[in-house]
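A.B. asks: First, the structure itself, so that you have it in front of you.
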Amino acid sequence: MKKQLFISTTLIMIAGLLSLFFASVYIAHRNNVNIATNTVMEKTYIFANLFNDIYDVDAFVEAGGDTRITIISSDGMVLADSLATEDTGENRLSRPEIQAAMNGAPAVHIRHSNTFDADFVYYALMVDNDDSYVFIRASIPVAQINVYLNQALPMLIVLLFTIILVCLFLAHVVTNRIIKPFIAKGIDDVAVVMQNGVDALREEKNKLSYILNSIGDGLFVVDENADIALVNLAATNLFNATSDVINRKLNYLISNKTLISAVEDCVISSNGTLFEFPLNGKTYLVTIKRLPNTTLTMAVLADVTGSRENAKRREEFFANASHELKTPLTAIKGFNELTAINNNDTNLTKYIDAITRETTRMMALIADMLELSELENTSQVQPASISLAKIVNEVSETLSSAINEKSIIFTATGDATITAEPKHLFEITKNLVENSVRYSNQNGKVTVKIESGKTVRLTVSDNGIGISPQEQTKIFERFYRVEKSRSSQSGGTGLGLSIVKHICALYCWRLSLKSKLGVGTDVMVEFE
Ligand code: ADP
């Protein structure tokens with residue numbers, strides 16, 4: 001910076017001095033030309049006035065001194081010349097200064113003299129002589145004009161270089177004086193800023209590595225070449241690797257080929273994956289995804305052994321409990337049916353009916369709870385291509401007694417092939433149609449519409465009691481029922497829509513609802 005400032009200051013000063021120097025030389029030259037012009041004109045006028053039929057023209061012209069005086073006859077011949085000893089014999093009438101004088105408009109001309117082979121400043125006047133006329137011409141050699149300038153020039157050049165040297169010295173001193181403290185301060189400031197930046201970065205890095213190493217899940221990040229960019233303690237422990245794997249290939253950290261290729265797939269395609277992976281006798285949920293707006297891919301291995309075992313135990317518990325409950329419930333149901341057959345007491349009938357209703361409800365509840373628990377623990381499905389209209393048909397047959405009981409007008413239109421587990425499609429359709437029937441009035445209308453456009457859409461509509469806007473967000477929660485009594489009376493468990501929601505989440509299908517209180521309800525599933 002200092003050097004730059006010194007060079008630019010010096011260059012500006014030198015350029016300024018040189019411009020000033022050449023401007024001065026030019027002005028001095030112009031000035032000398034003006035002086036010469038005036039001198040030539042003055043002398044011409046003086047000699048023209050003095051010329052009065054002079055007898056000795058040679059003696060007359062010699063009075064010109066430094067100025068060359070020439071007398072030229074009307075026919076262009078030199079009659080006398082103060083400097084030229086020999087005449088070239090040329091006719092001078094064509095000379096521009098003679099022409100100008102002849103035309104009555106005398107003018108100064110600078111031109112080359114053949115006689116002296118040098119440039120001269122000329123001025124001529126026409127003067128009467130006897131019956132004729134002559135031209136009185138004065139001229140000064142151009143060299144004479146510049147003689148003072150030429151004398152002064154070496155001095156000027158020496159002066160110029162002296163000033164340039166002084167300027168160089170001054171530029172050096174000024175640059176040092178001005179820049180040194182500035183640079184010193186600048187360096188200090190930059191050093192402080194850099195130090196602060198380095199400290200902040202170090203602190204951030206420490207924080208990040210502290211956080212990363214405190215995470216129980218194994219975590220590592222790879223770059224666009226699938227080289228390891230970051231790894232936490234849990235991951236190195238998990239793979240029994242050392243921490244010096246940074247910038248190395250993945251196989252320095254992981255030996256399992258499936259895991260390596262899953263990470264590499266994401267590096268290439270940017271598509272994330274989620275899968276369970278057994279390692280060291282445990283189950284890990286592996287999440288691989290591309291970090292947004294980067295070329296980095298992150299993998300997280302969460303130990304889900306505990307939750308999987310819990311889920312399995314819960315499932316087993318539900319299965320066992322339902323089995324244990326089902327057996328006595330079936331017995332109760334059987335004995336109740338026997339009692340009903342053998343009952344002659346009309347007072348007992350309403351109790352028998354109540355027992356029938358409650359046991360049926362309990363059995364439905366147990367079935368729904370089992371279903372939900374199974375769905376919660378399902379992450380993978382075994383899909384098959386299946387006709388949706390076929391499923392709707394099966395559902396309408398299953399629910400035919402309820403449909404007929406309420407004299408519901410049931411219609412189903414359209415068809416499409418869906419890839420899913422058939423029992424999941426059946427559950428969705430059964431729960432939605434069952435709700436529509438359950439919450440419809442006598443002689444109501446229930447419609448199932450299958451549309452296949454960009455995506456396949458299943459819509460179950462009814463003109464039943466409808467759902468108020470504030471209830472619409474809650475009805476997908478488990479055991480939530482708008483009207484508990486109506487739901488229980490008609491065999492509802494409060495789990496139907498939770499089951500539908502879980503199945504849709506499992507397949508990433510879109511579930512939506514449109515309802516108006518007292519008008520009816522539309523529930524839509526979009527199969528994407
Ligand atoms: P339930 O077994 O009680 O029907 P769901 O989870 O299937 O349980 O439904 C939750 C609640 O949402 C129901 O209790 C009912 O209040 C309301 N609901 C569901 N479907 C409809 C519908 N088609 N029309 C009116 N209300 C409905």
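A.B. asks: Given the structure, is Arg510 at pLDDT 95 or above and closer than 17 Å to Ile418 by Cα?
C.D. replies: On the way: at pLDDT 95 or above: no; closer than 17 Å to Ile418 by Cα: yes.
In short, no.
A.B. asks: Just give me the residues in region 54-103 being part of a helix (DSSP H, G or I) and either modelled with pLDDT of 85 or more or open to solvent by less than 30 Å² (accessible area, probe 1.4 Å) (or both), in sequence order.
C.D. replies: Correct list: Phe60, Val61, Pro96, Glu97, Ile98, Gln99, Ala100, Ala101, Met102.
A.B. asks: Mind listing whichever residues of region 439-468 are of a type in the set (Gly, Ala, Ser) and farther than 19 Å from Ala416 by Cβ?
C.D. replies: The answer is Ser440, Gly444, Gly464, Gly466, Ser468.
A.B. asks: Could you identify the single residue in Ile428, Ile386, Ile391 that is among the aliphatic types (A, V, I, L, M), within 47 Å of the chain's Cα centre (by Cα) and either more than 18 Å from Thr493 (Cβ to Cβ) or part of a loop (DSSP other than H, G, I, E, B) (or both)?
C.D. replies: Ile386
A.B. asks: For region 338-347, indicate whether the set of residues that are open to solvent by 40 Å² or more (accessible area, probe 1.4 Å) and within 28 Å of Ile428 (Cβ to Cβ) is non-empty.
C.D. replies: No.
A.B. asks: I'm trying to understand the selection: among the residues of region 263-272, which are open to solvent by 30 Å² or more (accessible area, probe 1.4 Å), assigned to a helix (DSSP H, G or I) and under 17 Å from Val300 (Cβ atoms)? Quick ask: steps written out before the conclusion?
C.D. replies: Our first condition is that a residue be open to solvent by 30 Å² or more (accessible area, probe 1.4 Å); within region 263-272, this holds for 264-265, 268-272.
Subset that is assigned to a helix (DSSP H, G or I): 264-265, 268-269.
Selection gives Glu264, Asp265.
A.B. asks: Here's another thing I want to ask about it. Return the pairs, sorted by first residue and then second, in which the second residue is polar (S, T, N, Q) and modelled with pLDDT of 95 or more, the first residue lies in region 500-511 and is within 12 Å of Val525 (Cβ to Cβ), the beta carbons are less than 8 Å apart, and the residues are 6+ apart or on different chains.
C.D. replies: Val500/Asn431
A.B. asks: If you don't mind, there's one more thing I want to ask. Hey, Thr473 hits all of (1) more than 15 Å from the ligand (Cβ to nearest atom); (2) open to solvent by 50 Å² or more (accessible area, probe 1.4 Å); (3) of a type outside the set (Lys, Arg); (4) modelled with pLDDT under 95 but one; which does it fall short on?
C.D. replies: With (1) more than 15 Å from the ligand (Cβ to nearest atom); (2) open to solvent by 50 Å² or more (accessible area, probe 1.4 Å); (3) of a type outside the set (Lys, Arg); (4) modelled with pLDDT under 95 applied to Thr473, the lone miss is (1).
A.B. asks: What pairs come up if the first residue lies in region 434-448 and is under 14 Å from Gly491 (Cα atoms) and open to solvent by 50 Å² or more (accessible area, probe 1.4 Å), the second is of a type in the set (Ser, Thr, Tyr) and within 7 Å of the ligand (Cβ to nearest atom), and their beta carbons are under 8 Å apart, counting only those six or more places apart or on different chains?
C.D. replies: Every condition considered, the pairs that remain are Tyr439/Thr521.
A.B. asks: Moving on. Can you name the residue in region 451-470 that is of a type in the set (A, V, I, L, M) and near the ligand (Cβ under 10 Å from one of its atoms) and, of all such residues, is least open to solvent (accessible area, probe 1.4 Å)?
C.D. replies: Taking the candidates together, the pick is Val460.
A.B. asks: Here is a further query. Restricting attention to region 364-383, does a residue exist that is more than 16 Å from the ligand (Cβ to nearest atom), among the hydrophobic types (A, V, I, L, M, F, W, C) and either in the same structural domain as Cys504 (by TED's automatic domain parsing) or surrounded by fewer than 18 Cβ atoms within 10 Å (Cβ to Cβ) (or both)?
C.D. replies: yes
A.B. asks: For region 104-140, which residues satisfy the criterion of being open to solvent by 30 Å² or more (accessible area, probe 1.4 Å), in a strand (DSSP E or B) and not charged (D, E, K, R)?
C.D. replies: His109, Ile110, His112, Ala118, Met126, Asn129, Ser132, Tyr133
A.B. asks: Whether any residue in region 254-273 is over 26 Å from Glu374 (Cβ atoms), in contact (Cβ under 8 Å) with a residue 60 or more places away in the chain and touching a strand residue (DSSP E or B) at 6+ places or on another chain (Cβ under 7 Å) is what I want to check. Write out each step before concluding.
C.D. replies: At the first step, the residues of region 254-273 found to be over 26 Å from Glu374 (Cβ atoms) are 254-272.
If we keep only those that are in contact (Cβ under 8 Å) with a residue 60 or more places away in the chain too, we end up with none.
No, region 254-273 contains no residue that is over 26 Å from Glu374 (Cβ atoms), in contact (Cβ under 8 Å) with a residue 60 or more places away in the chain and touching a strand residue (DSSP E or B) at 6+ places or on another chain (Cβ under 7 Å).
Quick grid of which residues meet (1) within 18 Å of Leu212 (Cβ to Cβ); (2) open to solvent by less than 90 Å² (accessible area, probe 1.4 Å); (3) not in a helix (DSSP H, G or I):
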{"residue": "Asn237", "(1), (2), (3)": "yes, no, no"}
{"residue": "Asn240", "(1), (2), (3)": "no, no, yes"}
{"residue": "Val245", "(1), (2), (3)": "yes, yes, yes"}
{"residue": "Asn251", "(1), (2), (3)": "no, no, no"}
{"residue": "Ser261", "(1), (2), (3)": "no, yes, no"}
{"residue": "Leu274", "(1), (2), (3)": "no, no, yes"}
{"residue": "Asn293", "(1), (2), (3)": "no, no, yes"}
{"residue": "Ala302", "(1), (2), (3)": "yes, yes, yes"}
{"residue": "Phe317", "(1), (2), (3)": "no, no, no"}
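A.B. asks: Let me ask another. Given the conditions (1) loosely packed, with under 14 Cβ neighbours inside 10 Å; (2) closer than 30 Å to Val173 by Cβ, which single one is not true for Thr9?
C.D. replies: Result: Thr9 passes all but (1).
A.B. asks: Could you check, for region 45-53, whether at least one of its residues is touching a strand residue (DSSP E or B) at 6+ places or on another chain (Cβ under 6 Å) and either in a helix (DSSP H, G or I) or not assigned by TED's automatic domain parsing to the domain that holds Ala80 (or both)?
C.D. replies: yes
A.B. asks: While we're here: Name the residues in region 281-291 that are open to solvent by 40 Å² or more (accessible area, probe 1.4 Å) and not β-branched (Val, Ile, Thr), would you?
C.D. replies: Gly281, Lys282, Leu285, Lys289, Arg290, Leu291
A.B. asks: Here is a further query. For region 89-117, how many residues meet the condition of being touching a residue at least 12 places away in the same chain (Cβ under 8 Å) and farther than 26 Å from Asp130 by Cβ?
C.D. replies: Residues meeting the conditions: 10.
A.B. asks: Still on this structure, please answer the following. Sort out which residues of region 480-522 are hydrophobic (A, V, I, L, M, F, W, C), more than 8 Å from the ligand (Cβ to nearest atom) and open to solvent by 20 Å² or more (accessible area, probe 1.4 Å), and write them in order of number.
C.D. replies: Ala505, Leu506, Cys508, Trp509, Leu511, Leu513, Leu517, Val519
A.B. asks: Determine, yes or no, whether Glu427 is assigned by TED's automatic domain parsing to the domain that holds Lys514, within 12 Å of the ligand (Cβ to nearest atom) and surrounded by fewer than 16 Cβ atoms within 10 Å (Cβ to Cβ).
C.D. replies: Numbers: assigned by TED's automatic domain parsing to the domain that holds Lys514: yes; within 12 Å of the ligand (Cβ to nearest atom): yes; surrounded by fewer than 16 Cβ atoms within 10 Å (Cβ to Cβ): no.
So Glu427 does not fit the description; no.
The values are calculated or read from the model by the stated rules, or taken from the named source; none is laboratory data. As the structure is a computational prediction, the values presented were derived from the model and not from experiment. Neighbour counts run over all protein chains shown; Cβ positions are idealised from the backbone, glycine included. These area figures cover heavy atoms from the full protein model, side chains too; ligands, DNA and RNA do not enter into them. Shrake-Rupley method; radii C 1.70, N 1.55, O 1.52, S 1.80 Å.
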